Amino acid sequence: MTHRIKAQFSFIVLLLTVSFSTSAFTITETGDHDISIATEYYHASNNSISLTAVSKLDHWKLAKNGNLNFGFSETPYWFKTKITLQQVEAEWFLRILYPPLDSISVYLCQAEIINDIEQQCDFFFAGDSIPFNDRVRSNPNHIIPISPQQGDNFLYIKLSASGSSQLPISMIDRQSLDDYLALSDFFRGAYLSVMLVMILYNLFIFLMTRSVTYVLYSGFAFTFLIFHMTYEGSGFQYLWPDLPQWNEFALPMAFAVNQIFTILFITSFLNIKKTSRYSYIYFRVLLAIAGLMLLLTPVVPYNTFIPIFNLLSLTLSCSAFYLGLKYWREGQSAARLFTIAWAVLTIGMITANLKTLGLFPSNFFTRYGYQIGSFLEVVLLSLALGERIRTLQQKHVLAKQALIHEKQDRMSALKQLIIGISHEMNTPIGNIALSNSFLEELNHELKQRLSNSNDAELSKQDLIEYIDQQSEAIGTITKSKKTLGILTHVFSNITVNRTDHPKAEFDLVHVIQDRILTYQDKINFKVNLPEHCLIKSHPSAFILVLNQALDNVIDHAAFCDQELGKPTVDISLSHSNNKLNLMISDNGSCLANTGLIDDDLYQFFLPFYTRSRGTEKKMGLGMYQMKNIVTDLLQGEVKATLSDSGGLKLTILFNREH
């Protein structure tokens with residue numbers, strides 16, 4: 001029992017010892033030591049408080065889990081930690097893994113309470129407000145040499161930043177630091193090399209394809225690279241080492257330009273202008289905001305600018321992810337990789353931005369979220385662009401094949417049209433020729449009788465017969481000329497003349513409803529229409545198309561199905577992005593009863609094809625004319641299939657604006 005009580009007492013003492021010594025850090029060997037877990041902080045209310053005053057305060061706090069990340073602040077933060085060095089001989093450095101810090105004042109003192117800074121402390125000043133060439137080690141992160149004594153040392157740090165105030169700090173010996181810097185430089189070089197290779201690769205593809213999307217992607221990757229170099233300090237190291245004042249504007253300017261190229265690339269890659277009018281307007285608004293922020297960079301304070309752009313960046317990434325997911329679901333193969341790429345970048349940006357705002361702790365993943373996300377995104381987007389090339393090539397081949405097929409169809413239709421015209425005009429022309437020949441014979445016979453003295457004089461009855469026969473022949477010629485005039489008028493209307501169909505903005509639903517009112521005495525209608533559908537097209541052409549479709553129902557469906565009575569027509573109108581789908585279907589069953597299948601219905605659009613020739617002078621040109629209007633004037637396509645009842649269903653696809 002006594003032994004158990006002693007053990008419990010020793011455990012309580014141990015807990016109390018740990019609790020009261022959390023702000024101290026003991027180093028017993030060389031290596032890389034994260035001292036943030038033992039670092040206390042104090043948020044000063046003004047910039048003028050001195051080290052001597054701060055050292056005597058008792059308002060110090062210990063950060064939870066060593067997370068020294070406090071977001072944006074206009075006043076400085078002070079940090080304090082007690083470092084106990086036990087029999088370790090080495091050259092030591094402080095390493096702060098956050099480049100965009102304006103001013104860092106480091107004091108290594110021999111006592112906790114400071115009365116005379118010069119006598120009691122060694123001090124060093126760093127930050128990106130000092131020329132880069134003044135640094136001890138050439139690295140974007142802040143490397144500060146210190147000379148701790150054996151025993152207790154008290155480290156004070158004053159931190160001022162126009163951006164996020166955070167201090168991911170460690171104490172590291174020279175050998176470990178050299179190893180870290182070598183590895184860091186390797187990965188930085190590899191990252192920069194991959195980005196440059198991707199930029200040059202896509203520029204090369206642009207020179208081959210002349211596709212603007214590749215230029216915009218290269219611009220997006222290049223501006224992101226500049227932004228990344230500015231954020232992680234390589235820009236200050238290599239591009240403007242003697243101009244520390246440029247750091248105040250470089251990051252927001254690089255961020256703004258990158259957002260502009262990002263928006264342009266997204267709208268071009270997803271072809272948003274042609275597929276979604278409202279999404280295009282939305283991205284144009286984001287583009288205007290990004291451009292405005294770029295212009296306001298010299299006057300907007302840094303700590304105001306960065307949260308706004310973080311919000312814009314997150315909004316843009318989430319919007320791109322949403323649209324990519326939408327087009328992925330619609331079957332665009334390149335959108336799959338695009339969506340995954342933006343998902344990876346969005347996750348990286350969210351973690352990095354939340355770390356900047358002080359909501360996430362500073363660790364490897366939050367610290368390098370941009371780099372990891374952007375590296376994977378660049379690779380995936382390059383694959384997506386490659387997939388886009390393959391898809392475009394396939395579409396080009398299919399379009400070429402479709403064009404050849406269309407030319408063949410048009411040549412076949414033209415051949416049939418010529419044959420049909422010849423056939424239709426052959427009868428009246430033959431009648432005219434026959435009547436003319438008859439008149440010539442009649443005239444010759446009359447002359448011969450008048451000149452022959454042996455024949456008796458022509459009687460009145462003979463003359464009347466001659467006149468009647470002549471009148472009949474002339475009547476046949478007149479009737480045939482009239483028929484030729486009608487045929488000529490019909491044939492001239494087969495071709496589509498744009499001047500006969502002016503373009504205007506109108507409500508297609510109103511046009512359909514007007515046609516329904518016109519035909520409701522002969523047809524029953526079932527409709528599925530939106531409330532409104534504004535389009536910019538040719539209203540008179542749509543009227544002709546609807547008239548022909550409904551006349552076809554009356555002439556063929558009712559004629560073919562004698563017991564059908566008053567036919568019923570289903571009309572529906574739907575849309576997807578900029579595409580409209582108009583469906584007209586009748587309830588006849590004649591087509592199915594005759595054994596026709598969908599593949600046979602293409603002939604409905606051939607000239608002079610009709611299933612009721614001879615009834616009311618039907619020539620079979622209506623559906624042919626409809627197809628010409630839809631394809632040539634409305635720039636759409638029309639397809640005939642069997643309806644559910646076995647009748648005819650017409651599906652007309654066209655753009656909302658063309």
For the range 322-339, in order, what is each residue's ³J(HN,Hα) by Karplus, 6.51 cos²θ - 1.76 cosθ + 1.60 with θ = phi - 60°, in whole Hz (x at glycine and Pro)? 5, 5, x, 5, 5, 6, 4, 5, 7, x, 7, 5, 5, 5, 5, 5, 4, 5
Accessible area in square angstrom per residue, the range 153-245, 1.4 angstrom probe: 41 Å²
Chain lengthening between Thr30 and Ile554 when straightened (0.36 nm per residue, less Cα-Cα): 179.0 nm
Sorted peptide list for 65-72, 626-633, 48-55, 164-171, criterion being average Cβ within 10 angstrom, highest first: 164-171, 626-633, 65-72, 48-55
Against the rule of thumb 2.2 N^0.38 Å, how large the Cα Rg of the range 133-214 comes out: 1.77
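Leaving out ligands and nucleic acids, note down the accessible area per residue over the range 268-345 with a 1.4 angstrom probe, in whole Å².
Details: 3910 Å² over 78 residues.
Computed with neighbouring chains in place, this is 50 Å² per residue.
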Extension gain Glu440-Leu517, at 0.36 nm per residue separation less the Cα-Cα distance, in nm? 22.2 nm
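Which value in Å is the Kirkwood Rh of the range 126-165 over different Cα pairs? Kindly include the intermediate steps, with their values, before the conclusion.
On the way: mean 1/r = 0.0798 Å⁻¹.
Its Kirkwood hydrodynamic radius stands at 12.5 Å.
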What translational diffusion coefficient, in µm²/s and rounded to a whole number, does the Stokes-Einstein relation yield for the range 173-213 at 20 °C and a viscosity of 1.002 mPa s, taking the hydrodynamic radius as the Kirkwood radius over Cα pairs? 174 µm²/s
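Evaluated at 4 °C with a viscosity of 1.567 mPa s, what Stokes-Einstein diffusion coefficient in µm²/s does the range 21-109 have when Rh comes from the Kirkwood expression over alpha-carbon pairs? Could you put the intermediate results ahead of the total?
Working: Rh = 14.6 Å.
The estimated diffusion coefficient comes to 89 µm²/s.
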Of all chymotrypsin sites (Phe, Trp or Tyr not before Pro) in the range 218-248, which ones are in loop regions per DSSP and have a Cβ with at most 11 other Cβ atoms within 10 Å? none
If you average the alpha carbon positions of the range 233-309 and of the range 96-119, how far apart do those two centres end up, in angstrom? 36 Å
Quick one: with all protein chains in place, what share of the accessible area of the range 188-231 is carbon or sulfur, to the nearest percent (1.4 Å probe)? 83 percent
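I need the calculated FRET efficiency for the pair Lys566 and His510, taking r as the beta carbon distance and R₀ as 30 Å, to the nearest 0.05. Write down the numbers at each step before the final one.
Working: r = 25 Å, r/R0 = 0.82.
E between Lys566 and His510, to the nearest 0.05, is 0.75.
Kindly rank 127-136, 648-657 from highest to lowest mean number of other beta carbons found within 10 Å of each residue. Mind showing how you got there, number by number?
Details: 127-136: 15.9, 648-657: 18.8.
In descending order of packing, they fall as 648-657, 127-136.
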How many nm is it between the label spots at Val285 and Ile308, if each spot is 7 Å from the Cα in line with the beta carbon? 1.7 nm
Points 7 angstrom from Cα along the Cβ direction at Ile543 and Ile117: gap in nanometres? 8.8 nm
Where the convex hull is taken over the Cα atoms of the range 254-311, what is its projected area averaged over directions, in nm²? 3.9 nm²
With a point put 7 Å past each Cα toward its Cβ, work out how far Met425 is from Arg449 in nm, to one decimal. 3.7 nm
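Between Tyr278 and Asp185, what is 0.36 nm times their sequence separation minus the Cα-Cα distance? Round to one decimal in nm.
Values: separation 93, 0.36 × 93 = 33.48 nm, distance 4.54 nm.
The Tyr278-Asp185 span can extend by a further 28.9 nm.
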Over the residues of the range 134-269, compute the C-alpha Rg and express it relative to 2.2 N^0.38 Å. 1.37
Using only Cα atoms, figure out Rg for the range 91-140 and give it as a multiple of 2.2 N^0.38 Å. 1.31
Rg/Rh (Cα only; Kirkwood hydrodynamic radius) as it applies to the range 62-150: 0.96
Take the Cα of Trp60, step 7 Å along the line toward its Cβ, and report every residue of the range 71-88 whose backbone nitrogen sits under 19 Å from that point. 76-86
Can you compute log10 of I(q)/I(0) for the range 240-358 with the Debye formula, treating each Cα as one identical point scatterer, at q = 0.17 Å⁻¹? -0.88
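The values are calculated or read from the model by the stated rules, or taken from the named source; none is laboratory data. These numbers were taken from a predicted model, which means no experiment stands behind them. Ideal geometry is used to build each Cβ from the backbone, glycine not excepted, and the neighbour counts take in all protein chains shown. The area values use the complete protein model at the heavy-atom level, side chains included, leaving out ligands, DNA and RNA. Shrake-Rupley method; radii C 1.70, N 1.55, O 1.52, S 1.80 Å.
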